1. Output the number of residues of the stretch 1-25 satisfying the condition of being at pLDDT 95 or above, within 21 Å of Lys70 (Cα to Cα) and of a type in the set (Lys, Arg).
2. Name the residue that is nearest to Gly71 (Cα to Cα), counting only residues in the stretch 26-35 that are touching a helix residue (DSSP H, G or I) at 6+ places or on another chain (Cβ under 9 Å) and either surrounded by fewer than 18 Cβ atoms within 10 Å (Cβ to Cβ) or of a type in the set (Phe, Trp, Tyr) (or both).
3. Quick check: anything in the stretch 7-14 closer than 21 Å to Arg72 by Cα, in contact with a helix residue (DSSP H, G or I) (Cβ under 6 Å, 6 or more places away or on another chain), among the aliphatic types (A, V, I, L, M) and free of Cβ contacts under 8 Å to residues at least 40 places away in the same chain?
4. Take the residues in the stretch 57-66 that are in contact (Cβ under 8 Å) with a residue 12 or more places away in the chain and among the aliphatic types (A, V, I, L, M); name whichever of them is farthest from Arg15 (Cα to Cα).
5. Of the residues Arg54, Arg63, which single one is surrounded by 12 or more Cβ atoms within 10 Å (Cβ to Cβ) and out of contact with any helix residue (DSSP H, G or I) (no Cβ under 9 Å at 6 or more places or on another chain)?
6. Go through the stretch 33-74 and tell me which helices (runs of 4 or more DSSP H), entirely inside it, have 3 or more residues that are of a type in the set (A, V, I, L, M).
7. Would you be able to tell me the number of residues in the stretch 40-56 that are touching a residue at least 12 places away in the same chain (Cβ under 8 Å) and either touching a strand residue (DSSP E or B) at 6+ places or on another chain (Cβ under 9 Å) or among the acidic types (Asp, Glu) (or both)?
Amino acid sequence: MTYEEVGQRAGLNERTLALYVSYMKSRWPNDEDVKCRVGYADEWAYRFKVGIARTCSDAEGKRVLDALEKGRLP
C-alpha cells in the first residue's frame with residue numbers, strides 16, 4: 001500500500017490528495033510501507049479530508065505545510 005492509495009481510499013479530492021501525499025513523503029519518506037500498514041497514513045488522510053491537518057501538525061509539520069502551500073516542496 002502507498003500514501004497515494006491510502007488517500008484515494010479515504011476519498012481525498014485531487015488537490016487534497018496531492019497535498020497529503022507530498023506532506024507524508026516529506027515527513028516520513030522512508031517509512032511509507034510501515035505508516036500504511038499500521039494505520040498512521042489513514043489517520044493523516046482523515047485529518048486532511050476534514051481539514052484539521054494543520055491543527056494536528058507539530059512545528060515541523062506546519063513548516064512542511066507552509067512550504068507545500070507556497071509550492072516549495074514537491
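1. 1
2. Step one: list which residues in the stretch 26-35 are touching a helix residue (DSSP H, G or I) at 6+ places or on another chain (Cβ under 9 Å), which gives 26-28, 31-32, 34-35.
Add one more test, that the residue is either surrounded by fewer than 18 Cβ atoms within 10 Å (Cβ to Cβ) or of a type in the set (Phe, Trp, Tyr) (or both), and what stays is 26-28, 31, 34.
Values: Ser26: 13, Arg27: 16, Trp28: 19, Asp31: 23, Val34: 27 Å.
The qualifying residue nearest to Gly71 (Cα to Cα) is Ser26.
3. No, the stretch 7-14 contains no residue that is closer than 21 Å to Arg72 by Cα, in contact with a helix residue (DSSP H, G or I) (Cβ under 6 Å, 6 or more places away or on another chain), among the aliphatic types (A, V, I, L, M) and free of Cβ contacts under 8 Å to residues at least 40 places away in the same chain.
4. So in the stretch 57-66, the residues in contact (Cβ under 8 Å) with a residue 12 or more places away in the chain come out as 60-61, 64-65.
Keeping just the survivors that are among the aliphatic types (A, V, I, L, M) gives 64-65.
Details: Val64: 16, Leu65: 13 Å.
In this case the residue turns out to be Val64.
5. Working: Arg54 fails: out of contact with any helix residue (DSSP H, G or I) (no Cβ under 9 Å at 6 or more places or on another chain).
Step by step, each of Arg54, Arg63 is checked, and only Arg63 is surrounded by 12 or more Cβ atoms within 10 Å (Cβ to Cβ) and out of contact with any helix residue (DSSP H, G or I) (no Cβ under 9 Å at 6 or more places or on another chain).
6. In the stretch 33-74, 40-50, 59-69 are the helices (runs of 4 or more DSSP H) which contain 3 or more residues that are of a type in the set (A, V, I, L, M).
7. The number of residues fulfilling the criteria is 1.
The values are calculated or read from the model by the stated rules, or taken from the named source; none is laboratory data. Note that the structure is predicted; figures quoted are calculated from it, not measured. Cβ: placed from backbone, ideal geometry, glycine included. Neighbour counts: every protein chain shown.
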